[in-house]
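Asker: Submitted below is the structure of interest, expressed as structure tokens.
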Amino acid sequence: MVKGYVNAAHNTAGQNLTGTAEANSTVRIYDSVMGAVAIATVVANSKGAWSAPIGVLNGDGLHQITAQATDVAGNPGATSTAFNIVVDTLVPSAPQAHLLSDTGVDSGDTITKTPTLTGTAEIGALIALREGTSIHTVTADSSGNWTYKPSSMADGAHNFAITQTDLAGNLSSATNISFTLDANVPIVALTTKGGHIASDGLDTTTSVDLTGTGEAGAAIKVFDSKTLVGTATVDKTGHWTDSVMLNTGVTSHAVTVTATDTAGNSKTTSAVSFVTDNQLSDQPGTSGADHIIIDSAFPTVAAGSGDDTVTLKPDAVIYHLDGGIGIDTIDFSLLTQALTVDLTKTTAAMGASAKGTEFGSAFLTGFENVIGGEGANTLTGDKNSNVLVGGAAADTLTGGAGNDTLTGGGGTDTFVFAKGFGNDVITDFSVTDDIVNLEHTMQVTWKAFNLYMNDTLAGVVFKIDASDTITFTGLTKNDFLTHLDHFQLV
């Protein structure tokens, strides 16, 4: 018996009821279900104690058990106060259970940032939530509702088997519930630097190409102040891009990015400030970090001091671009034609635009970094530490004497290294597609390569001497084992 309840396992012929009465009196036990017929008769001992086998109580429900004693003289005593027993032999159904809040971006995807479980069961039932060897219990309230809110839970997949044990001790079958917990705020960053955005006044709106990083699959929303101006999705490599039109009628823009992951967690970046100016002059640069967009013909454009970015649109015609003081970037990513940029000669041969405008050869000064276009790029660095980034086509990237970072992009790319090239990094070398053109007298054999290549946490390092190394990010020595032909010696 559990708190006045008897289940099937305990409602047996061996059930006993105990009590006290007058010494040696006869005690008769009655069940309200059976009426005036006694279900048991016993004699109290010399101390008045008695124990009566009441056997199986017939039928589920309330049984009011009373006792009446008759002394040895035959005088009947008063009937005792009823002792209530509820017989419950029915096994309860499996409890209902669900996530209190499925916060995932897709309804019913069982991805959540709040792992609270809730449901219904019999009133007062003990709810057991089992996951592996762990068991957590809660009790259904007076309305049959229950809630389990874990104090801590690791992110990842969770599988619970949930049962209820009713007040009589009957155990139900299990309800199984699975969900994925992701309570971590997603990472997100806007990597495009802010600053001065200057154009020629032909556009009534200002377009800005934004890039960033974040949690793969997260939804990106771009805001100019509180106005939603763009959306994107973080790709599987953790990157996103979006071309947005900033608010019209204002020159100051506070751009923020909010990332929301599949579980509904959100994070917003700090604001990046842009100042737009659609009256481009030959001297649009400021002392800060400027982003200058050129989409028409200008004889000379000077970016000024600060770490500046100059972006050329397809209709740009430029004869002299000056990055000024700082680490400056010339961005050709919006162009589609073949492109040759040689920072040692301070020239950029840009060919024809998509609309047929002849660029000819532009004079470049003060630029350290180059972002190529969609066509075949030939990019050559100088004595500074350059960042050279190719595009989707087959590019040729040549590092200079500084410590350079080279990114080929898509296509079959060729990375060229002359003597004294410095400590360079190739971020995306493909051992099956790309080629290293190296000025060196070594033999292209695996034995020779073992002398020059060493695996590190950053990737495999090809070391000629302390001043000349190439780090292949994310690769190991074994990745080159069957691809030595991709090293071409001159």
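Asker: So which residues in the range 20-45 are in a strand (DSSP E or B) and open to solvent by 60 Å² or more (accessible area, probe 1.4 Å)?
Answerer: 20, 28, 41, 43
Asker: Identify the residue in the range 344-377 that is among the β-branched types (Val, Ile, Thr) and closer than 23 Å to residue 421 by Cα and, among all such residues, is modelled with the lowest pLDDT.
Answerer: Per the stated criteria, the residue is 347.
Asker: What number of residues within the range 135-157 are closer than 19 Å to residue 94 by Cβ and open to solvent by 20 Å² or more (accessible area, probe 1.4 Å)?
Answerer: 10
Asker: Among the residues of the range 119-134, write down those that are open to solvent by 20 Å² or more (accessible area, probe 1.4 Å), more than 22 Å from residue 5 (Cβ to Cβ) and either not in a loop (DSSP other than H, G, I, E, B) or not hydroxyl-bearing (Ser, Thr, Tyr) (or both).
Answerer: Once the filter is applied, which keeps residues that are open to solvent by 20 Å² or more (accessible area, probe 1.4 Å), more than 22 Å from residue 5 (Cβ to Cβ) and either not in a loop (DSSP other than H, G, I, E, B) or not hydroxyl-bearing (Ser, Thr, Tyr) (or both), the range 119-134 yields 130, 131, 132, 134.
Asker: Would you tally the residues in the range 104-118 being touching a residue at least 60 places away in the same chain (Cβ under 8 Å) and either open to solvent by 30 Å² or more (accessible area, probe 1.4 Å) or part of a strand (DSSP E or B) (or both)?
Answerer: Number satisfying all stated conditions: 9.
Asker: Now, a different point. Taking the range 455-490 as the search range and keeping residues that are in contact with a strand residue (DSSP E or B) (Cβ under 6 Å, 6 or more places away or on another chain), farther than 21 Å from residue 380 by Cα and among the hydrophobic types (A, V, I, L, M, F, W, C), which one is most open to solvent (accessible area, probe 1.4 Å)?
Answerer: 458
Asker: Within the range 46-92, can you find the residues that are open to solvent by 30 Å² or more (accessible area, probe 1.4 Å), part of a strand (DSSP E or B) and either within 14 Å of residue 168 (Cβ to Cβ) or without any contact (Cβ under 8 Å) to a residue 24 or more places away in the chain (or both)?
Answerer: Within the range 46-92, 62, 76, 84, 86 qualify.
The values are calculated or read from the model by the stated rules, or taken from the named source; none is laboratory data. Only a predicted model underlies this, so the values are computations on that prediction, with no experimental measurement involved. All Cβ positions, even for glycine, are placed from backbone atoms using ideal geometry, and neighbour counts span all protein chains on display. Heavy atoms of the whole protein, side chains included, go into the accessibility calculation; ligands, DNA and RNA do not. Shrake-Rupley method; radii C 1.70, N 1.55, O 1.52, S 1.80 Å.
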